[in-house]
Amino acid sequence: MYSKNFETEAIRTQIERSEFLEHSSPLYLTSSFVFEDAEDMRASFAEEKERNIYSRFTNPNTSEFIEKICKMEGAEAGYAFATGMSAVFSTFAALLDSGDHIVSARSVFGSTHSLFTKFLPKWNITTSYFDVQKVEDIEGLIQPNTKILYAESPTNPAVDILDLEYLGKVAKKHNLLLVIDNCFATPYLQNPIKFGADLVIHSATKLIDGQGRVMGGVTVGGEDLIREIYLFSRNTGPALSPFNAWVLSKSLETLAVRVDKHCENALKVAEFLENHPKTKNVKYPFLKSHPQYAIAKKQMKLGGNVVAFEVEGGVAAGKKFLNSIKLCSLSANLGDTRTIVTHPASTTHAKLTEKDRQEVGITDGLVRVSVGLETIKDIIEDINQALG
Ligand SMILES: *Cc1c(COP(=O)(O)O)cnc(C)c1O
């Protein structure tokens, strides 16, 4: 599923060493690069040679980060962005024209949902939604102007799984671009391109950084599509900063070991919660009770680091659980070394009506745990005392 020498490529993919023969890649904090002479400058702008001109276009640190992600995802090319959302937005903005249509899973990241409902309609781009449990509805939503099929798997925050192979087949049959936000899985656990995705998007802010420090995003895929995304982005300016690229490229060196441990801890938390009398509907892709367990096993190496569950007693019980947490953090992030708990119904999704929340799989008692790397006994003890 993932490249056999994943760790080696994550560690040994490196930009050319400078004259100092540094072991670890240096940080190139420079906005621009110099030309040898007028002819060099002309040829560079004419793209007759591949070289760095200006860090909004390319930068050595950003190129190293992109090259690693491309190798990990089995992609030809990519472009790196300041945040995951700038990757999502720029991908749509570069590829869609006024009048185009998107078919998307209903359950997507909150800001992506806002993009579909509040902002893309300004440019006459519309979206139709399918329930993650009813992928057989997709074909009925496709219109002559549909251009993109979009989904995340696992989904945020309900941890549902979509069958990527099925999505790949539908996209191919109807000549749509399949775009997958692979943030929850990381390139280590799942490679959507193998199942027919044309483009893969990551928020690097989550498990790729993994230590809650920097923001970033990346889109990878076929050369031609990335070329369009690159030209749009080079002119509109959502580029990843070289400093963040340097941090993120270093983070990728430890992605495999970190994510292995995250998944091991998350499975233990999920098993503990499943056996607790005050919880219900515990959802983790690699629990046998997960509705899409077989699909998760088919397309993922391990189950990821996010566990969703319900506290008996609705919104009030969910809030009470959060107020009783001591060790874990109440924070809006996920994929950090530190375990984070959130209660979507009273926070990120509080503005939605109860019916709308239900549609994206958010019940009032739903709690999302992004399981970190603390000693597993301490994580479970904290959750246990908060449930009590
Ligand atoms: C966080 C997240 C994003 C957005 O990433 P940012 O780096 O916060 O802009 C997009 N998709 C998913 C699934 C996410 O979890």
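The values are calculated or read from the model by the stated rules, or taken from the named source; none is laboratory data. Note that the structure is predicted; figures quoted are calculated from it, not measured. Note that each Cβ is placed from the backbone with ideal geometry, even for glycine, and that neighbours are counted across all protein chains shown. Side chains included, ligands, DNA and RNA excluded: accessible areas come from the protein's heavy atoms. Shrake-Rupley method; radii C 1.70, N 1.55, O 1.52, S 1.80 Å.
At least 2 residues being in contact with a strand residue (DSSP E or B) (Cβ under 7 Å, 6 or more places away or on another chain) is the threshold, and among the helices (runs of 4 or more DSSP H) wholly inside segment 77-148 those reaching it are 84-95, 138-141. Put simply, of PHE81, PHE92, PHE20, PHE35 the only residue that is without any contact (Cβ under 8 Å) to a residue 40 or more places away in the chain and surrounded by 14 or more Cβ atoms within 10 Å (Cβ to Cβ) is PHE35.
State whether one or more residues within segment 168-182 are in the same structural domain as THR219 (by TED's automatic domain parsing), in a loop (DSSP other than H, G, I, E, B) and under 20 Å from GLY216 (Cα atoms). Let's see the steps before the verdict.
Applying the first criterion (in the same structural domain as THR219 (by TED's automatic domain parsing)) to segment 168-182 yields 168-182.
Filter once more, keeping what is in a loop (DSSP other than H, G, I, E, B): 174-176, 182.
Checking the rest, the ones that are also under 20 Å from GLY216 (Cα atoms) come to 182.
Taking every residue of segment 168-182 in turn, at least one turns out to be in the same structural domain as THR219 (by TED's automatic domain parsing), in a loop (DSSP other than H, G, I, E, B) and under 20 Å from GLY216 (Cα atoms).
Checking the stated criteria, ASP364 turns out not to satisfy the condition of being open to solvent by less than 50 Å² (accessible area, probe 1.4 Å), out of contact with any Phe, Trp or Tyr (no Cβ under 8 Å at 6 or more places or on another chain) and at pLDDT 90 or above. Only a single item in (1) over 25 Å from ALA350 (Cβ atoms); (2) free of Cβ contacts under 8 Å to residues at least 40 places away in the same chain; (3) open to solvent by less than 20 Å² (accessible area, probe 1.4 Å) is not met by VAL282, and it is number (1).
Look at segment 187-237 and say how many of its residues are among the basic types (Lys, Arg), open to solvent by 40 Å² or more (accessible area, probe 1.4 Å) and over 24 Å from GLU253 (Cα atoms). Don't jump to the end; show me each part of the working.
Applying the first criterion (among the basic types (Lys, Arg)) to segment 187-237 yields 194, 206, 213, 227, 234.
Adding the requirement that they be open to solvent by 40 Å² or more (accessible area, probe 1.4 Å) leaves 194, 213, 227.
Next, from what is left, pick out any that are over 24 Å from GLU253 (Cα atoms): 227.
Going through segment 187-237 one residue at a time, the tally reaches 1.
Please verify whether segment 317-328 includes one or more residues that are within 16 Å of the ligand (Cβ to nearest atom) and open to solvent by less than 40 Å² (accessible area, probe 1.4 Å). No, segment 317-328 contains no residue that is within 16 Å of the ligand (Cβ to nearest atom) and open to solvent by less than 40 Å² (accessible area, probe 1.4 Å). One residue stands out among those in segment 223-258 that are hydroxyl-bearing (Ser, Thr, Tyr) and in a loop (DSSP other than H, G, I, E, B): the one that is farthest from ILE66 (Cα to Cα), which is THR254.
Of the residues that sit in segment 62-100 and are hydrophobic (A, V, I, L, M, F, W, C) and closer than 14 Å to LEU120 by Cα, which one is nearest to the ligand (Cβ to nearest atom)? My answer is MET85. Somewhere in segment 99-107, is a residue farther than 28 Å from ALA204 by Cβ and of a type in the set (D, E, K, R)? No; the residues of segment 99-107 include none that is farther than 28 Å from ALA204 by Cβ and of a type in the set (D, E, K, R).
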